[in-house]
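Reviewing the structure listed below.
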Amino acid sequence: CYISLASEKNNPDICGKIANDKMQIDCYREVARLNNNADSCSKITGSIKNDCFVDVAIATQDLSVCDSIDYVPTKERCYAELGKLKLDISICSSIKGQLQKDICTTSVAAGKLDIALCDGVQDKGTKESCYRDVAVAKQDGELCKKIQNTDGYAACINGIAIAKKDLSICDALEGQSR
C-alpha cells in the first residue's frame, strides 16, 4: 500500500513508514524509477543507492545524477551507459578507468558507425571488439580486415553473415585462409 501511494504521490517520505528494510528500499527505488526522482535514491543506504542513481540517470539521461554516486566503478559505469545512450564520445573521455572508457568508446563507435573512434581504444581485445561491432553494424566485411586475431576476424564475418542473413558469406569464410 505504501509503495503504491509513495509512487503515485512521488513522495519518498511515505516509504519511511515501512518497517521492513528490504520493502522500504524497494519503495524508494520504485519512487525513483517511476518518477525519475534521484532524491528518493538518496534515502537508500548501501550499494543499492548507487544502482538507484544509475537507473535514474539512464531514465533521465542526466549526467549530473551520476555525480551523486560515491563508488567510482559504479559512477564510471553510469557515465559509460550515458555515453552509449547519447552517443557522446566526450562522456566516454571523462571516464578515468581505461577498460570502462574503452567499453564506452566501443558502444559510441558502433552507434555512430564510426570505425575511427575504435582507434582510441587502448585494450587490444576491446579494440578488436570495437572494429567487429562497427563492421557488423555497417554490414561491411572490409572493416573486419582491421582485426588481427583470426578468431576475431571470423566472428566479425560471421556477425555480418547473420546480420545480412547471407549464407554465401559463411561459404566464403570457410574457403578463405588469412
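The values are calculated or read from the model by the stated rules, or taken from the named source; none is laboratory data. Please read all numbers here as calculations on a predicted model, not as lab measurements. Methodologically, a virtual Cβ is constructed for each residue, glycine included, from the backbone with ideal geometry; neighbour enumeration extends over all protein chains shown. Areas reflect the complete protein model, heavy atoms only, side chains present, ligands, DNA and RNA absent. Shrake-Rupley method; radii C 1.70, N 1.55, O 1.52, S 1.80 Å.
What to note about this one:
- Listed pairs K101/K164; K127/K164; K112/K146; K49/K127; K86/K138 exceeding 28 Å between Cα atoms: K101/K164; K49/K127
- Solitary cysteines of the chain, where the nearest other Cys Cβ is not under 4.7 Å: C1, C170
- Reduced Cα scattering model of the range 1-83, Debye log10 I(q)/I(0), q = 0.12, 0.22, 0.25 Å⁻¹: -0.31, -0.90, -1.08
- Placing +1 on the Cβ of every Lys and Arg and -1 on the Cβ of every Asp and Glu, with no other charges, gives the range 1-44 a dipole of roughly 40 debye about its Cα centre.
- Using the Karplus relation 6.51 cos²θ - 1.76 cosθ + 1.60 with θ = phi - 60°, the per-residue 3J(HN,Hα) values for the range 27-43 come to 5, 4, 5, 5, 4, 4, 5, 6, 10, 6, 10, 5, 4, 5, 5, 4, 7 Hz, with x marking Gly and Pro.
- Debye intensity ratio I(q)/I(0), log10, the chain, q values 0.16, 0.20 Å⁻¹ (C-alpha model): -0.87, -1.11
- Given R0 = 45 Å, the distance between the Cβ atoms of M23 and K138 translates into a calculated FRET efficiency of 0.40.
- Surface accessible to a 1.4 Å probe, per residue, for the residues of the range 66-109, Å²: 48
- Percent carbon-and-sulfur accessible area, the chain, ignoring ligands, DNA and RNA, probe 1.4 Å: 48
- Between L34 and E8, the modelled labels are 0.9 nm apart [label points 7 Å from Cα along Cα→Cβ].
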